[in-house]
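Notes follow the structure.
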């Protein structure tokens with residue numbers, strides 16, 4: 001079973017920030033938080049991952065709470081091409097498999 | 001650089017027929033995964049290979065599913081015989097190494113419809 005809980009769907013206006021929440025209250029000290037997204041008819045695509053500190057790359061920012069029980073993926077300026085299913089996954093770096101839940105379906109609206 | 005290649009992209013068969021899917025991972029990636037994705041769900045791992053060795057096949061329904069990666073490069077997933085419930089998208093992914101973190105790269109998948 002997935003160790004994360006995400007809302008099933010969200011809407012966001014084009015050009016605005018999209019904030020996607022994820023709860024992982026049972027996360028272990030050696031587990032990272034990963035985000036992938038899946039655009040329609042494509043395989044999932046890696047976005048970002050982090051352990052404790054906030055992370056930023058060219059695609060998104062990841063904000064992890066101090067207790068690490070939840071996190072937020074931020075797409076700073078959502079475009080129509082960001083419409084996808086976003087998966088939040090917790091996993092250690094010692095060979096543990098990725099376990100995908102149903103994710104959050106983000107719809108970016110014009 | 002070519003990504004993960006899968007074929008065919010679509011397959012329609014009648015129940016009880018056999019079917020096979022092929023995956024060519026990114027060059028140099030020694031870890032290969034097969035996932036099944038049902039409609040509205042996230043991908044579920046079927047099997048993971050490290051080179052030619054299947055290191056995790058605990059979720060593979062072995063009565064009808066089989067997989068091989070003979071030379072540690074490309075891989076084939078087979079279903080025989082197919083059942084109606086096998087209709088899904090079958091995804092292949094690869095990474096440089098399965099232990100330490102390396103980004104998983106996914107192929108576009110094969111959409112199987114069993115009639």
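The values are calculated or read from the model by the stated rules, or taken from the named source; none is laboratory data. Since the model is a prediction, treat every value here as computed from it, not as a measurement. Ideal geometry is used to build each Cβ from the backbone, glycine not excepted, and the neighbour counts take in all protein chains shown.
Considering only segment A:84-104, I want to know if a residue exists there that is surrounded by 13 or more Cβ atoms within 10 Å (Cβ to Cβ), touching a residue at least 12 places away in the same chain (Cβ under 8 Å) and away from every other protein chain (no Cβ under 13 Å). No, there is no match, as no residue in segment A:84-104 is surrounded by 13 or more Cβ atoms within 10 Å (Cβ to Cβ), touching a residue at least 12 places away in the same chain (Cβ under 8 Å) and away from every other protein chain (no Cβ under 13 Å). Checking the structure you have, find out if any residue of segment A:17-26 is part of a strand (DSSP E or B) and within 14 Å of chain B (Cβ to nearest Cβ). For segment A:17-26, residues part of a strand (DSSP E or B) and within 14 Å of chain B (Cβ to nearest Cβ): present.
Given the structure, is residue B:82 surrounded by 15 or more Cβ atoms within 10 Å (Cβ to Cβ) and part of a loop (DSSP other than H, G, I, E, B)? In short, yes.
Checking segment B:62-77 against the condition returns a match, with at least one residue being in contact with a helix residue (DSSP H, G or I) (Cβ under 9 Å, 6 or more places away or on another chain) and free of Cβ contacts under 8 Å to residues at least 60 places away in the same chain.
Is it the case that some residue within segment B:46-53 is buried (at least 20 other Cβ atoms within 10 Å of the Cβ), more than 14 Å from the chain's Cα centre (by Cα) and part of a loop (DSSP other than H, G, I, E, B)? The answer is no, given that none of the residues of segment B:46-53 is buried (at least 20 other Cβ atoms within 10 Å of the Cβ), more than 14 Å from the chain's Cα centre (by Cα) and part of a loop (DSSP other than H, G, I, E, B). Counting residues in segment B:23-31 that are over 15 Å from residue A:98 (Cα atoms), modelled with pLDDT of 95 or more and buried (at least 20 other Cβ atoms within 10 Å of the Cβ) gives one or more.
The numbered conditions (1) more than 12 Å from chain B (Cβ to nearest Cβ); (2) surrounded by 14 or more Cβ atoms within 10 Å (Cβ to Cβ); (3) under 30 Å from residue B:110 (Cα atoms) are all true for residue A:81 except (2).
Taken together, A:20, A:51 contain a single residue that is over 25 Å from residue B:31 (Cβ atoms) and in contact with a strand residue (DSSP E or B) (Cβ under 6 Å, 6 or more places away or on another chain), which is A:20. Kindly check whether there is at least one residue in segment B:32-44 that is away from chain A (no Cβ under 14 Å), out of contact with any helix residue (DSSP H, G or I) (no Cβ under 9 Å at 6 or more places or on another chain) and at pLDDT below 95. So far as segment B:32-44 goes, no, none of its residues is away from chain A (no Cβ under 14 Å), out of contact with any helix residue (DSSP H, G or I) (no Cβ under 9 Å at 6 or more places or on another chain) and at pLDDT below 95.
If only residues of segment A:51-67 that are closer than 17 Å to residue A:20 by Cβ and touching a residue at least 12 places away in the same chain (Cβ under 8 Å) are counted, the one that is nearest to the chain's Cα centre (by Cα) is A:62. The single condition among (1) touching a strand residue (DSSP E or B) at 6+ places or on another chain (Cβ under 8 Å); (2) more than 8 Å from chain A (Cβ to nearest Cβ); (3) closer than 20 Å to residue B:5 by Cβ that residue B:70 does not meet is (1). Taken together, A:74, A:48 contain a single residue that is surrounded by 13 or more Cβ atoms within 10 Å (Cβ to Cβ), within 11 Å of another protein chain (Cβ to nearest Cβ) and assigned to a strand (DSSP E or B), which is A:48.
As a summary of the residue check, residue A:97 satisfies the conditions (1) over 25 Å from residue B:95 (Cα atoms); (2) part of a loop (DSSP other than H, G, I, E, B); (3) in contact with a strand residue (DSSP E or B) (Cβ under 6 Å, 6 or more places away or on another chain) except for the one numbered (1).
Scanning segment B:94-115 for residues that are part of a strand (DSSP E or B), modelled with pLDDT of 95 or more and surrounded by 16 or more Cβ atoms within 10 Å (Cβ to Cβ) gives B:106, B:110, B:111, B:112, B:114.
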